[in-house]
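So the structure is just underneath, and the comments pick up after that.
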Amino acid sequence: MAFSIKDKQAFLFDMDGVLYNSMPNHARAWVEAMNRTGISMKTEDVYMQEGCTGPQVIKNMGRERNDLDVTDQMCQDIYRLKSEIFRSMGKVDIMPGALDVFEKIKQAGKTIVIVTGSGQPDMINRLLTDFGAYVTRDMMVTAFEVKRGKPYPDPYLAGLQKAGVGPSQAVVIENAPYGVRAGVAAGIDVIALNTGPLEDRFLLQEGAKILYPSMSAFCQNWDELNK
């Protein structure tokens, strides 16, 4: 049977790489900040670590690349530097098709929750400006709401709680392997959007039900998915 979202009552969206074309800037900012502070990191690492909270990324890379036990103070300093570099790159664009998909969900009378590992207040505030017609702050899960970010299921379990639905009634829209893994671990069907440089297999092998190359493609297939 083809995958269908017809009976889904809640849509749980990741932010970076799904709602905003922000990952290229995040990748540059992470690589520069980490390398400046002596922790080796490559662009591919950023996309593989995407979905984790900032401190998780820093501690993971410290262990994997440098056998370094990163302190909480180092995490704060590196994440502050990364955030400053990211902000200096200017405003990122909304993903084409994102607002159209949100409108379709609103018209269907269904719930939207944004589930992001971000802890950058400027991006969280921007969500309320750009998507304020569809979502409120209490319908967001950010790095401030969970102790364990993706790939743990905690963020999406919190999203289910905010939506007031069970796992079978929801669908996750994700662009990152760790994000897909988190959604699957929470028992939720996942639609993957491969908006970055990774091969499709990195998303599919984590358990995504279906994959599209963009939010626009997801939007274009909305009617088909609702059969």
Task: Three-way shape call for segment 120-227 based on the alpha-carbon gyration tensor, with the a/c threshold at 1.5 - done: rounded
- [ ] Starting from the Kirkwood radius over alpha-carbon pairs of segment 60-101, derive D by Stokes-Einstein at 37 °C in a medium of 0.692 mPa s and give it in µm² s⁻¹.
- [x] 252 µm²/s
TODO: First obtain the Kirkwood hydrodynamic radius of segment 1-104 from its Cα pairs, then insert it into the Stokes-Einstein equation at 37 °C and 0.692 mPa s, and state the resulting D in µm² per second as a whole number.
DONE: 213 µm²/s
TODO: Please get the size of the charge dipole for the chain, origin at its Cα centre, with Cβ charges of +1 on Lys and Arg and -1 on Asp and Glu, quoted in debye to the nearest 20.
DONE: 280 debye
Task: 26 Å Cα-Cα threshold exceeded, pairs from LYS82/LYS150; LYS8/LYS91; LYS6/LYS162; LYS106/LYS227; LYS106/LYS162; LYS8/LYS147 - done: LYS8/LYS91; LYS8/LYS147
Open item on the list: Output wanted: per-residue J couplings in Hz (rounded whole) for segment 84-100, from phi through Karplus 6.51 cos²θ - 1.76 cosθ + 1.60, θ = phi - 60°, x for Gly and Pro.
Closed with: 5, 5, 4, 4, 5, 7, x, 6, 9, 8, 5, 4, x, x, 5, 5, 5
Task: In segment 89-140, the trypsin sites (Lys or Arg not before Pro) that fall in loop regions by DSSP, at most 13 other Cβ within 10 Å - done: LYS91
Open item on the list: Please list, by residue number, everything in segment 78-94 whose backbone N is under 13 Å from a paramagnetic label point 7 Å out along Cα→Cβ of ARG28.
Closed with: 85-93
- [ ] Pop out the ³J(HN,Hα) list for segment 188-193 in order, Karplus 6.51 cos²θ - 1.76 cosθ + 1.60 with θ = phi - 60°, rounded to Hz; leave Gly and Pro as x.
- [x] 9, 5, 10, 9, 9, 10
Task: For the chain: accessible area per residue (Å², 1.4 Å) - done: 45 Å²
Task: Potential extension, LEU81-ASN221 segment - 0.36 nm per residue separation minus Cα distance - done: 46.4 nm
Task: Distance (nanometres) between label positions extended 7 Å along Cα→Cβ at GLU64 and ASP100 - done: 3.5 nm
Task: Correct choice for Kirkwood radius over Cα pairs in Å that was computed from the model, options (i) 17.6; (ii) 19.1; (iii) 18.5 - done: (i)
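The values are calculated or read from the model by the stated rules, or taken from the named source; none is laboratory data. Since this is a predicted model, take the numbers as computed values, not measurements. Ideal geometry is used to build each Cβ from the backbone, glycine not excepted, and the neighbour counts take in all protein chains shown. These accessible areas exclude ligands, DNA and RNA; they are computed on the full protein's heavy atoms, side chains included. Shrake-Rupley method; radii C 1.70, N 1.55, O 1.52, S 1.80 Å.
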